[in-house]
Every structure is written in structure tokens, then in C-alpha cells.
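Notes follow the structure.
The values are calculated or read from the model by the stated rules, or taken from the named source; none is laboratory data. None of these values were measured; they are calculated from a predicted model. Here the Cβ is made from the backbone with ideal geometry for all residues, glycine too, and neighbour counts use every protein chain on show.
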Amino acid sequence: MRVLLILLVTGWLGACASAPERVTQQGGDDPRAQVASIAEAMEGRPYRYGGTSPSGFDCSGLVRYAYQQAGLSVPRTTREQYRAVRPQYVAQLQPGDVIFFRLRSARPSHVGIYLGDGQFVHALNSDHPVRIDRIDNGYWQQRIVRAGSFRL
């Protein structure tokens, strides 16, 4: 009986001390693949200006959240993220890399996370939840101003 009690107590204490599971189990060991999986899982979440959590995202908040969940730190705003990436050709993008767009202003004003196969996930505006679009769609293709990867 005493042995059973010891096993139960140590098992219970071990469960309390264990670390919570991370969302990053999707995507394997590659941090960028993890970022892509985390961001893709946010599809359908609401848009919220300034939002950085699953209760609501803006575009750069989604990027920051996905990278943080993968254990990586990136800047908060679209402008800061734009400055922090190593530019590359769109054709060279890997899942987890980022794509910047000019929507209404002369400077980059929107960012999304590349998922692979010509798709990216982004939080556009209050009329649309987080969604997946194609970069070869004419609307998005003509607005791309930079593609790149963060220096990790």
C-alpha cells in the first residue's frame, strides 16, 4: 500500500511539474515550417487592429504570434518587420517566410506568411477573418513589394 501511495504521489507531482505542450509540434524541427503551421492554424480567427492573439490579429500581429509560438522573436509592426527581413525572390520563398504588400499607401502596409504551393496566410481587415490566399492572384501579385526571411 505504501509503495502504491508513493507511486501515485510522485506521478501526480511529475504531472504538475511537466511543461505544457507547445503548439509547435506541427511542422517538425524546422522553425519556419513550425511558423507556417501555426499561422495556418489561425485561419478563421477574427481580425482586430493591433491584435496579437487568437482572439484577434492584425497582419503583423499574426506574424509575430506565429514566430513567438515557434520560440522566435521578430519585430511587432509591418514596417519593423519589413526592415528586419533578408530580401529574396518570391520563387525562393520557403514556408514560414514573409511577403509584404502595398495596399493603399506608397510604403509597405501589409504582411503575410508564406505557406508553400503559392499560398500565404494573412489578416487583412475587419471585413475578413484570417485567411489563405494565393500569391499568384492578380490582386496580390501586383502589390508585392518584398519577400524575405527573418535572420534567425
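Descriptive notes on the structure:
- Pick from the stretch 121-152, criterion hydrophobic (A, V, I, L, M, F, W, C) and closer than 12 Å to D97 by Cα, ranking: surrounded by the fewest Cβ atoms within 10 Å (Cβ to Cβ): L152
- Residue within the stretch 62-70 that is part of a helix (DSSP H, G or I) and surrounded by fewer than 17 Cβ atoms within 10 Å (Cβ to Cβ) present: yes
- In the set (1) touching an Asp or Glu at 6+ places or on another chain (Cβ under 9 Å); (2) more than 17 Å from D30 (Cβ to Cβ), the condition left unmet by I113 is number (2).
- Residue list for the stretch 103-142, filter: within 16 Å of P87 (Cα to Cα) and touching a residue at least 40 places away in the same chain (Cβ under 8 Å): H110, V111, G112, I113, Y114
- Residues that are closer than 19 Å to R131 by Cα and either assigned to a loop (DSSP other than H, G, I, E, B) or modelled with pLDDT of 95 or more (or both) do not occur anywhere in the stretch 14-25.
- Looking across the stretch 29-51, the residues that are of a type in the set (S, T, Y) and under 19 Å from F120 (Cβ atoms) come down to S37, Y47.
- Index of the failed condition, V74 passing every other in (1) exposed (fewer than 12 other Cβ atoms within 10 Å of the Cβ); (2) at pLDDT 65 or above; (3) among the aliphatic types (A, V, I, L, M); (4) part of a loop (DSSP other than H, G, I, E, B): (1)
- Put simply, of R79, R45 the only residue that is surrounded by 13 or more Cβ atoms within 10 Å (Cβ to Cβ), over 11 Å from the mean Cα position of the chain (by Cα), part of a loop (DSSP other than H, G, I, E, B) and modelled with pLDDT of 95 or more is R45.
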